[in-house]
Every structure is written in C-alpha cells, then in structure tokens.
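The values are calculated or read from the model by the stated rules, or taken from the named source; none is laboratory data. Nothing here was measured: the structure is a model prediction, and the numbers come from that model. Positions of Cβ are backbone-derived with ideal geometry, glycine not excepted, and every protein chain shown enters the neighbour counts. Ligands, DNA and RNA are excluded from the accessible area calculation, which covers all protein heavy atoms including side chains. Shrake-Rupley method; radii C 1.70, N 1.55, O 1.52, S 1.80 Å.
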Amino acid sequence: MHISIDELKKFLDHAKGTSYVELRYHTRTLNEIRVSNGELDRIRSVVNDGIGIRVLVGGCWGFSSTSELSSESINGSISNAISSAGLISTSKRRKVDKLADANIAVGTFKPPINGNLNDHSIEEKIKLVIDSEKQTRRHSSRIKAASCTYRETVDHKMVVNTDGASAESFDSKPEFSVTAVARESGNSAMASKGIGITGGWNDLFNSRDATDLSKEAAEKATKLLKAKRPKGERTQLILDPGMVGLISHEAIGHTAEADFVLSGSILKDKIGEQVASDLVTLVDSGPSQFKNGAAGTVFVDDEGVLAGRTVIIEDGVMKSYLHNRETAAMLSAEPTGNARAFEYDNEPLIRMRNTFIEPRSFSLDEIIKDTRHGYLLKGARNGQADANGEFMFGSQEAYLIENGEVKHLMRGASISGRALDVLMTVDAVGKDFEYDIGTGYCGKYQPIKVDGGGPHIRCTAIVGGMQ
C-alpha cells in the first residue's frame, strides 16, 4: 500500500496529549550479490517499508513502528508510542525540556544520479560480480582466493512532524568491492579495492571500472607477498585520503557526537579551545563537498532537519559538536541535522555523514620531498578507537620515505596514538581531495552508510609493523 505525504500529515492530528509528534515513512530496497572463490554464495533482494512514530509526552520519548500502512495500524502505533512515553515519564528523572529550533525541511530532495540502478538487471549485476571475481583469481597463479561483492540500497523517505517538517527524499547508494588473497611459500597477503557512492550506475564506475578494481586488488596482494614489515617507531607519517577519512570518523568524529560528549568524551567542554594544528579544519557534511557522490550524503535528517555543513574544528579550534534537536537544546547550540535512523523501525541517533579534513596548499610531491624519514600509508583497514580518542588503525600499504624519496613497499603497518595529540602534529595538508571509505558502514548501535576522506596530510604518530 502506498501512502502520500499529505496522507501522512493527517495522522499528526491523531496524537493527542503530546508536545511533539514525528512520523517517518521509509521504504528501502536492498540488493546484494557476493561471489567467493568461484561460488555464487549470496543473492539477496529485500524490501523493508513501514512507518516509525516518535512522540514526546511528559518530557519523555515514546517510539513505535508498523509495517502495516492501514489507518487502523498507524493510529494503533501512535497510541502505543504515547503509552510508552507516558509510562517512562513516571519514573525517568532526566526529562527533555524542549527541542531546539531548527532549519526544518520542506520539499523534495534527490541526489544527482547518472544511470538509474533499476535500468540494469539483476542478471547483469550477477554477471559483473562473477566475472570480476574470476578476473581477480586469474590475474596471477599466486592469487589463491578472491571475493567480490555488489550491494545497492535505494531509499524513499517522508518525514513530517508537528513543528512543520514536510520532506520527501530519494536516495541511491551502490557499492562494489573486490578482495584478493595471494599465497606463496607459506606466506600470504590480502588486499581490497572498492568504491561506495551516492549516485547511479554510471557514477559508480566513473573513475575506475570493475576490471580496474579487480586488477588493482590482485596486483596489490601479489606485491605485498614479498614486502617487509616496518619497525615500530614514532615518526612522520603521510596519510592518504582513506586513512584521513578513517581517523576523522572513528577517532575524532565519534568523540564530537553530542550524545558521547554528554557521556564524557575527550571533547567535552572543549568548544573554543585549540585541539589541533591550525592547519586542520575538520567538517561533517550532509551534502557532498569538494567531490560529488560521497556515500554518506543526506539532505534531510530523520528529524526533518536540513542536513548542512558542520565545522567541528576550524583552523585547529573546536567549533561545534554534532547534534540532534534534543542535545542542541541541552547545550544551547543549533541542530546540525545529524539524527539518522537505519530503517523505519529504528529511532534516530546522532550519526556522522561525510566527515573530512579540508584541503590546503601542498602537493603530495612537495610533502614527500620535505620528509626526511617516515612512511606513506595507503588504504584504510579496520581498527578501533575509544571515547578518549585513543586509536589504532591498519593500512594496506606502507611506503618507506628516506630523504624525500619514496622507497620500497612494506606491509602490515598500523598507526596508533591519541587523536588530539596526533592532530596537533599535523604540519602539512595537501591540496588534493578524495572520499575513500564509502564501502564501509558505521556500526554505532545501528549500521548506517557514511563516508570520509580529505587530502594527504603529514603528522607524527606511532607506526607498528604487525596486523
């Protein structure tokens, strides 16, 4: 059953005895294909749709959802949300005093799309994944295992609330990734390449096609087989855009989320203080800036607030946290459009979108020539960070730099440190810019698509030699 935004608005009047009501319709189509070692091991096509209802009663939130779009079911869910909030309000001490005024969204929002995903059949996509995995394994006799995944999510949302939001948005996020494992003489190495974007089929393969990515993954894994591991030391590191995006998101961005700030993150009470080198301007943006098609692109958050550009750190000075309307009111700030929910039956949480360091003036060659000893780290891998900003992340490739020249490839490098200390050491920021973590998902309670990146930057941190 389809529902229009005007029909959705009519249900707002059914929520009596509330100070705020929000209805969010969301339909998501997920298609996923995975091939591993020559076997087609996953084909999924899933459609989830329904309405999430959030109400504020007596200073407490109530939430309910339904996949039945009949009037009876929607009104029943509204009643359930009101009852839940009422019950919570009898015992909860900290109440929501108010929601901050916000740039409420009204209208229709769509990202630019080149090549509708629906114009390409599931058979075409399956063939692409099968062929790409096969190409990866056949690249070299030393490639002993490979996998390839194509995934696309297509969203349609409508958000209305009693503060005037009336926003309908459409989204399209395809991604493609290849992993190669090389083995020789008891030694093994793994490498991955992938692209995740907001856009269409032609946007996904605009800069590199599937064949390029398969070749790059296989070549990288093969080269890493004979690479040595770097020795552990504190030294200068040049980080590629993927590594910059990973650190910006995991080590800094999470500590700037206002719910974590209120829980005591390292950035609590830091507004107005110097927390990084004055070369560092760190931003979280709903729209894709500097380059089109970042995977975390959203135009309206799930509270119906316009998702703009939020400067977290400007020229090294802490400027803003990331807010929903509740935390913005608590901290006397403006909402930043960071309330996001995974699907219709999830409550909005404070989440990042596209998180990056802004470019400056150096070319990568200038940074390398100015480096006496250090490493160029390329290709973000997994890792972890905590509320203190202490982190450790892996990189796929590490190139030794001696006296301004890039030397041999090394493997298994990791970078660790305390994020604010490392940001203080940034002494060169490139003029290039890329988003490069678009195949990943943030896993804060609910999985959600984000992106991150920046230019090449040089900092000082601890590099380790084993993963």
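In summary, strands (runs of 3 or more DSSP E) completely within segment 12-69 and bearing 2 or more residues that are open to solvent by less than 10 Å² (accessible area, probe 1.4 Å) and hydrophobic (A, V, I, L, M, F, W, C) occur at 20-36, 39-57. Checking each residue in segment 412-427 for being touching a residue at least 60 places away in the same chain (Cβ under 8 Å), open to solvent by less than 30 Å² (accessible area, probe 1.4 Å) and either farther than 23 Å from Ile271 by Cα or among the acidic types (Asp, Glu) (or both) picks out Gly412, Ala413, Ile415. In summary, strands (runs of 3 or more DSSP E) completely within segment 388-450 and bearing 2 or more residues that are of a type in the set (D, E, K, R) occur at 390-402, 405-410. The combined condition, being at pLDDT 95 or above, within 16 Å of Arg360 (Cα to Cα) and open to solvent by less than 10 Å² (accessible area, probe 1.4 Å), is fulfilled by Leu282. Could you grab me the full set of residues in segment 348-376 that are open to solvent by less than 40 Å² (accessible area, probe 1.4 Å) and either under 22 Å from Arg234 (Cβ atoms) or assigned to a strand (DSSP E or B) (or both)? Ile350, Asn354, Thr355, Phe356, Ile357, Ile367, Ile368, Thr371, Gly374, Tyr375, Leu376 - these are the residues of segment 348-376 that are open to solvent by less than 40 Å² (accessible area, probe 1.4 Å) and either under 22 Å from Arg234 (Cβ atoms) or assigned to a strand (DSSP E or B) (or both). When Gly389, Gly443, Gly430, Gly379 are checked against the criterion of being surrounded by fewer than 21 Cβ atoms within 10 Å (Cβ to Cβ) and in contact with a helix residue (DSSP H, G or I) (Cβ under 7 Å, 6 or more places away or on another chain), a single residue qualifies: Gly379.
Going through (1) at pLDDT below 95; (2) acidic (Asp, Glu); (3) closer than 30 Å to Asn292 by Cα one by one, Asp97 falls short only on (3).
Residue-wise test of (1) of a type outside the set (A, V, I, L, M); (2) open to solvent by less than 50 Å² (accessible area, probe 1.4 Å).
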position: Ile252; (1), (2): no, yes
position: Glu257; (1), (2): yes, yes
position: Asp269; (1), (2): yes, no
position: Gly272; (1), (2): yes, no
position: Val275; (1), (2): no, yes
position: Asp278; (1), (2): yes, no
position: Pro287; (1), (2): yes, yes
position: Gly296; (1), (2): yes, yes
position: Asp301; (1), (2): yes, yes
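Here Gly304 clears all of (1) at negative phi; (2) out of contact with any Leu (no Cβ under 7 Å at 6 or more places or on another chain) except the condition numbered (1). Here are the criteria: (1) closer than 18 Å to Glu32 by Cα; (2) open to solvent by less than 40 Å² (accessible area, probe 1.4 Å). Tell me which single one Lys127 does not satisfy. In the conditions (1) closer than 18 Å to Glu32 by Cα; (2) open to solvent by less than 40 Å² (accessible area, probe 1.4 Å), Lys127 misses (2) alone.
Look at (1) at pLDDT below 95; (2) out of contact with any Phe, Trp or Tyr (no Cβ under 8 Å at 6 or more places or on another chain); (3) surrounded by fewer than 22 Cβ atoms within 10 Å (Cβ to Cβ) and you find that Glu402 fails only one, number (1).
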